[in-house]
Amino acid sequence: MDYSPITEFIVGQNVPAQTMALLLLLPVVATLASFFRQVVGIKAFGIYAPSIVTFALLAFDPNGLKYGIAIFGSVILIGMVTRYVLRRFRLLYLPRVAITLSVISFSMLGILVLGGATHRTGLASVSIFPLLIMITITEKFVAVQLEKGTRAAVILAAETLAISLVGYALISWPAFVRFILAHPWTVLLTIPLNVVLGKWTGLRLTEYFRFLTVLRQK
Amino acid sequence: MFELLRNSRELLGMNARNLDYIRPLNKRSGREFADNKLRAKRLLRKNGLPVPGLIARIRTHAELEDFDWSSLPGSFALKPNRGFGGEGILIVYGRKRGRNDAWVKASGAVVTVEDLRTHIRNILDGSFSLTNTPDIAFFEERLKLLKLFKPYAYKGIPDIRVIVFNRVPVMAMLRLPTRESDGKANLQQGAIGTGIDLATGTTTSAVVGKSHLIDYVPGTRLALSGIRIPYWNEILRIAVESQSVSGLGFLGADIAIDRDRGPVLLELNARPGLSIQIANLTGLKGRLDRVKGLKVKTTERGILLGKNLFGGEIEEEIEELSGKRVIGSVEKVRLFGKDGKEITVEAKIDTGADSTSVDTELARKLGFRDAIALFENRMGDRDVLNDLSKREREVLFSGIPDLADTAQIKSSHGTSYRPMFRIDLSIDQVIIPAKVSAIDRTGLEYPVIIGRKSLRKFLVDVSK
């Protein structure tokens, strides 16, 4: 692998190449999320959630997609069911989120055990941090659910997953990672790119659909 | 496709709204003003603007424990002080029969003191506030539905959203609560939004939900267009003045009409939604661009500007339906005379007159000087010619150049004749060929009267 002198130097200081790659890829993924918000109009749960889920998917590799999507989906599903059950108890916000988190944790444990029992060892060998990341997405989900309803929350969750999948496709593409390590300075380009995105006042792609009836007027 | 692109430049998107309008125009203090409903209420009232009455407020959990629930009236609205998008608002319409501690919602669901307590706890904990910070809950008087709106609104109270920019009302929408929106006048929650013609306060097109166009109130044959909103000028005045009080440069004022009190200002929005563009089937950006940079000194001036710039949709619609143009009782008319002579004058549109007549002096200027001189000459000083037959008249006035005909004018002392010429009129950009008589109109207000024969292509709106 041909590293750039910068990369050579950093790795020479005992920083693992993997760590360096991830740190350099984070701005790229964050820029992707801001592009999706400003130009495409896909909101997701802010910028943190899609970025972190992207890396969680990466951490699930080699079965990133299969397990990542399954776990993300089950977290959201369990979050919805729990809310439905808890509704009648009229709990305050934080206790309600805490209960939801507990239920999801137990369910995850159950899923891992189930995976082990059916000899899907890939699932059980997953490291704990990506799993925790997925679980904490629940708080975002419950917050939106309370404010805007389940429908809006599910849509935002799906959008988050969509952005994460695009991000995952990008950062799990070996040629791209190699390029970043060979030319680490290119990551700095995300700054001017974000300045442009931050000044972008054009219609978002989704707004063309939202306002189609107005656009069709003579 | 080309049209789509052209229209898209008129539309205000989320990016442009935030970056070009909210960020520079709605400073922190203004946003704070709009977000803190209780404070806004107090200041607006101080400035003479009508706001709904405050029944009680609950600031802390201790106050909640001590609250006297029997002090609440039969109907009220419970709101979070810093709520947004209509979230966290609970409205009850009356006490549950035979109970002092339970009320009924629009949906028929029962709300007990215990429900209220939980709801208020959630408000105090900030579940509905913009930043999830602790909040204040308050009870507000519920407005009474105007009779006119009764058939259109499901349970709740319709309200009128007016977008004000630079002291000019730029767009407005009537929001009608539906069964889906649970009696709330909030488009995101499924209410109906109808566009409003700013000049007249008459509804135009309507959408329900995100962008579904509808013509009638669901389940009825009640047209949603053509509703004439009462107190229209007053509503615009409240909207514009609330902008001055709030210090916001770009805002959405929500105004409801109470059966007894008339228009009441419900809420100010520092981040007004963009669906109003769908209800009006028009882009907001095009309108904002036209108002930008104007120096508007008074409320009256701003309202007038808004009406003139953005009104008249109804008129255009009538023009489209009838194929006729709508003109006022006085219009600027351009007269095309001989040899390319053109004169523009203010003319009176008179549906009581048969034909069009112009002042003699004006006719001279239009190139008929010689013809008029000859005509006067032949007339001599006879102004009574009733003993002439048609044949005799033709002989008398024959050979005068440009003379198209003669008009018989009957007066108390007999009949006289006036010369008639062929000219072209341009009324509201439509060219009408006309035979006009030249009559001395010195001392009268308008030098030209447009009669019925020249008005076949027009409808006259006397209020214009």
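Data overview
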| quantity | calculated |
| --- | --- |
| Percent RCO, i.e. relative contact order, over region B:53-142, from Cα pairs under 8 Å lying at least 6 residues apart | 40 percent |
| Relative contact order [Cα under 8 Å, 6+ residues apart], region A:1-130, whole percent | 21 percent |
| Per residue accessible area in Å² of region B:37-187, where ligands, DNA and RNA are left out and the probe is 1.4 Å | 41 Å² |
| R0 of 30 Å, Cβ-Cβ distance A:Val81-A:Ala117: FRET efficiency to nearest 0.05 | 0.85 |
| 16 Å Cα-Cα reach of B:Lys27 towards aspartates and glutamates, excluding residues that sit fewer than 8 places from it in its own chain | B:Asp35 |
| Interface residues in region A:196-215 - accessible area drops by 40 Å² or more relative to the isolated chain, probe 1.4 Å | A:Thr201, A:Leu203, A:Arg204, A:Arg210, A:Phe211, A:Thr213, A:Val214, A:Leu215 |
| Accessible heavy-atom area order of B:Lys96, B:Lys155, highest first, probe of 1.4 Å | B:Lys155, B:Lys96 |
| Counting DSSP beta bridges with both ends in region B:325-460, the antiparallel % (nearest 5) | 75 percent |
| Gyration tensor verdict on region A:5-215 (Cα atoms; rounded if a/c is under 1.5, prolate if a/b is larger than b/c, oblate otherwise) | oblate |
| Rough spin-label spacing in nm, given labels placed 7 Å along Cα→Cβ, for A:Ser74 and B:Asp260 | 6.1 nm |
| Given B:Lys155/B:Lys285; A:Lys148/A:Lys199; A:Lys199/B:Lys292, the pairs whose alpha carbons are separated by over 23 Å | B:Lys155/B:Lys285; A:Lys148/A:Lys199 |
| Under 16 Å from the Cα of B:Lys297 - aspartates and glutamates, other chains or at least 8 residues apart | B:Glu241 |
| B:Val245 accessible area, 1.4 Å probe, all protein chains in place, Å² to nearest 10 | 40 Å² |
| Sparse-neighbourhood loop sites, trypsin sites (Lys or Arg not before Pro) in region B:1-30 - DSSP loop, at most 16 other Cβ within 10 angstrom | B:Arg9, B:Lys27 |
| Between B and A, accessible area buried - total, square angstrom, nearest 100, 1.4 angstrom probe | 2600 Å² |
| 20 Å Cα-Cα threshold exceeded, pairs from B:Lys390/B:Lys457; B:Lys46/B:Lys147; B:Lys37/B:Lys307; B:Lys79/B:Lys105 | B:Lys390/B:Lys457; B:Lys46/B:Lys147; B:Lys37/B:Lys307 |
| Gain on full stretching of the segment that runs from B:Glu3 to B:Lys457 - 0.36 nm per residue minus C-alpha separation | 160.5 nm |
| Accessible-area composition of the protein assembly as shown, carbon plus sulfur, in percent [1.4 Å probe] | 56 percent |
| Exposure rank, largest accessible area first [B:Asp370, B:Asp159; 1.4 Å] | B:Asp370, B:Asp159 |
| Modelled label reach - A:Ala143, point 7 Å along Cα→Cβ, region A:42-74 residues with backbone N closer than 13 Å | A:45-50 |
| Relative contact order of chain B, pairs being alpha-carbon contacts under 8 Å that are 6 or more residues apart, as % | 14 percent |
| For chain A, built as a Gaussian network whose Cα springs stay under 10 Å, the top-fluctuating residue of A:Leu26, A:Leu181, A:Leu203 | A:Leu203 |
| Whole-number accessible area per residue in Å² for chain A, which is evaluated in the context of all protein chains at 1.4 Å | 54 Å² |
| Shielding by partners, peptide B:13-24 (average Cβ within 10 angstrom, other chains) | 4 |
| Simple spin-label estimate for A:Ala98 and B:Arg391 in nanometres, 7 Å along Cα-Cβ | 11.6 nm |
| Mean-position separation - Cα centroids, region B:410-453 and region B:50-64, in angstrom | 70 Å |
| Listed residues A:Gly46, A:Gly68, A:Gly110, most fluctuating in chain A (Gaussian network, C-alpha, under 10 Å) | A:Gly110 |
| Whole-number accessible area per residue in Å² for region B:325-383, which is evaluated in the context of all protein chains at 1.4 Å | 51 Å² |
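The values are calculated or read from the model by the stated rules, or taken from the named source; none is laboratory data. Owing to the predicted nature of the structure, the values given are computational and were not obtained by experimental measurement. For neighbour counting, all protein chains shown are included, and Cβ atoms are generated from backbone atoms with ideal geometry for every residue, glycine included. Just so you know, the surface numbers come from the protein's heavy atoms only, side chains and all, with ligands and any DNA or RNA stripped out. Shrake-Rupley method; radii C 1.70, N 1.55, O 1.52, S 1.80 Å.
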